[in-house]
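Before any comments, here is the structure.
The values are calculated or read from the model by the stated rules, or taken from the named source; none is laboratory data. The structure presented is a predicted model; accordingly, all values stated were derived computationally and were not measured. A quick note on method: Cβ atoms are made from the backbone with ideal geometry, for glycine too, and the neighbour counts reach across all protein chains shown. Just so you know, the surface numbers come from the protein's heavy atoms only, side chains and all, with ligands and any DNA or RNA stripped out. Shrake-Rupley method; radii C 1.70, N 1.55, O 1.52, S 1.80 Å.
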Amino acid sequence: MKRHIPNLITLLNVFFGCVAVVFAVLNRLELAALFVFLGILCDFLDGLAARLLDVQSELGVQLDSLADMITSGLVPGIVMFQLLAMSMSGGWNLDFSVEVSETMFWTTGKFTPLPFLGFVITLASAYRLAKFNIDEDQATSFIGLPTPANALLILSLPLILLYHQNDVLNSIVLNQWFLIGTTLLSAFLLNARIELFALKFKNWSFKDNALRYVFIIVSLVLLITMQYLAVPIIVAFYILSSLVNQWGAKA
């Protein structure tokens, strides 16, 4: 029975991802973000349960990637689609997806496929997850930004719009060039040959896990002081601290 527990947690991730897809399509992006977070929590817990129960399996590995494809691949693509569409409409609107029609893709009489660019994130996530499944070099670290971290980065953007209520931030987040740049940067980071540390503790020793403890403490301080605006900073800190750690190890 215990060998099924991690897979059941992974299936819960799939369920939360499906719910997040529905809310993302309805443009209830704050609820989509909530269920993505719950899915990512399950993504952490299924691996932890598999290690604690010593029931790791190839099925679990494949199922985990399929769950991530929905929660951390498809949902961020839909969210970016919505943000790009909103940038064309002139601003944030919770009822945007209900009110608009096919005219959202037309400007000055010409078809504008810009919102669909958001699905580049989904394509890059699929490619990354496929590579991860056959890459034996990512057992203790990651090559490229993990899809859950990227999903949190993308989902933080509508939360910044909704909860920070800052005109300067709103003008940045809903700037088309910012969103295009974020989409392309996201796709690049997902598949970049950058080694990033994993938050997997083999023991609780500070000496063996100093970087992980520092990262967690700094992240908590940033979240408490800056709320959702902290998420992009935490992702940047994650990448930079990994690079510095690599350079230090090679020195």
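For this structure, a couple of remarks:
- Pick from region 144-156, criterion open to solvent by 10 Å² or more (accessible area, probe 1.4 Å) and in contact with a Phe, Trp or Tyr (Cβ under 9 Å, 6 or more places away or on another chain), ranking: farthest from residue 76 (Cα to Cα): 146
- Matching helices (runs of 4 or more DSSP H) fully within region 132-251 where at least 3 residues are of a type in the set (A, V, I, L, M, F, W, C) and within 18 Å of the chain's Cα centre (by Cα): 147-164, 176-191, 210-226, 230-250
- Long-range neighbours under 7 Å by Cβ, at least six apart or interchain, first residue touching a residue at least 12 places away in the same chain (Cβ under 8 Å) within region 180-198, second surrounded by fewer than 15 Cβ atoms within 10 Å (Cβ to Cβ) and in a strand (DSSP E or B): 195/141; 196/141; 197/141; 198/141
- Entry remark, region 195-235: residues being within 30 Å of residue 165 (Cβ to Cβ) and of a type in the set (Ser, Thr, Tyr) number 3 in total.
- Residue 188 at pLDDT 95 or above and either among the aliphatic types (A, V, I, L, M) or open to solvent by 30 Å² or more (accessible area, probe 1.4 Å) (or both): yes
A quick yes/no check of all residues on (1) among the aromatic types (Phe, Trp, Tyr); (2) more than 19 Å from residue 194 (Cβ to Cβ); (3) in contact (Cβ under 8 Å) with a residue 40 or more places away in the chain; (4) surrounded by 15 or more Cβ atoms within 10 Å (Cβ to Cβ):
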site	(1), (2), (3), (4)
207	no, yes, no, no
212	no, no, no, yes
217	no, yes, no, no
221	no, yes, no, no
229	no, yes, yes, yes
235	no, no, yes, yes
238	yes, no, yes, yes
244	no, no, no, no
